[in-house]
Amino acid sequence: MKKQDYINWDAYFMGIALLSTNRSKDPGTSVGACIVSQDNKILSVGYNGMPYGCSDDEYPWEREGDPFDTKYFYVCHAELNAILNYTGTDIKGSKVYVTLFPCNECTKAIIQKGIAEIIYMDDKYAHTPAVLASKRMLTSAGVKFTKYTPIGKDITLSL
Ligand SMILES: O=c1[nH]c(=O)n([C@H]2C[C@H](O)[C@@H](COP(=O)(O)O)O2)cc1CO
Ligand SMILES: [Zn+2]
């Protein structure tokens, strides 16, 4: 008889998005994204980080203060990195697994690339105009957004 304790597709892909958060240098929120084709092939992954050439030791990670000296002008969001990291041509109709609900800017990229569904974990900024605008655009564009259903399993990796 086959092994019974295997994880489902959603847990597998959200697990990869979660693992990707471990690459983030953001002391505030680490975000991960995993883009998956309609036939469950991983197309791309990403996490929030500074753009190439912008040293994450030199650029700010502050949340507050002069905008020039906060992370927000500089950090490239996980979903955008995942989209930009993909060099193929089959992203249309794909799904993106994200650990945090996408902001309005990432949402525009998701829509324009033809990504068909967002599976998200945390929605801690649900009340913010950026996320409300995201949901407005996603609804207009017919992009599904679905809250991830936890399977209640803890997996520890010994790295
Ligand atoms: O969709 C997103 N994707 C994403 O990667 N981020 C990143 C930008 C920042 O590095 C971090 C948010 O930081 P904070 O929670 O401290 O404001 O998460 C933020 C959002 C906003 O929802
Ligand atoms: Zn974003």
Review point. Among residues other than Val31 whose Cβ falls under 15 Å from its Cβ, what is the net charge (Lys/Arg +1, Asp/Glu -1)?
Key: -1
Point to revise | Calculated Rg and Dmax of the chain using C-alpha coordinates, Å | key: 16.1, 61
Review point. Which of the residue pairs Lys108/Lys144; Lys124/Lys147; Lys108/Lys147; Lys92/Lys135; Lys25/Lys124; Lys2/Lys95 have a Cα-Cα distance greater than 21 Å in the structure shown?
Key: Lys2/Lys95
Check your understanding: Where the centroid of each part is defined by its Cα atoms, how far is region 1-21 from region 130-159 in Å?
Key -> 15 Å
Practice item. Compute the long axis of helix 129-141 from its Cα atoms, compare it with the longest principal axis of the Cα atoms of the chain, and write down the angle in degrees, 0 to 90, nearest 10. Key: 50 degrees
Review point. Remind me, what semi-axes does region 59-120 give for its equivalent ellipsoid, largest first in whole Å, using sqrt of 5 times each Cα gyration tensor eigenvalue?
Key: 26, 12, 9
Study note, to complete from the structure: Longest principal axis of the chain (C-alpha) makes with the long axis of helix 9-20 (C-alpha) an angle, in degrees to the nearest 10, of 30 degrees
Check your understanding: How many percent of DSSP beta bridges within the chain run antiparallel, rounded to 5?
Key -> 55 percent
Review point. Based on the Cα atoms of region 68-159, what semi-axes does the equivalent ellipsoid have, where each is the square root of 5 times one gyration tensor eigenvalue, given in whole Å with the largest first?
Key: 21, 18, 17
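Taking 0.36 nm per residue of sequence separation and subtracting the Cα-Cα distance, how much length would be gained by fully extending the chain between Met1 and Thr29, in nm to one decimal?
5.9 nm
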Exercise for review: Search the structure for amide H atoms under 5 Å from the amide H of Leu100, placed 1.01 Å from N in the peptide plane, and list their residues when 5 or more places away or on another chain.
Suggested key: Gly32, Met121, Asp122
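We did not get these values from a lab; they are worked out from the coordinates using the rules stated. No experiment lies behind these values; they were computed from the predicted model shown. Using ideal geometry, Cβ is built from the backbone for each residue, glycine included, and neighbour counts are taken over all protein chains shown.
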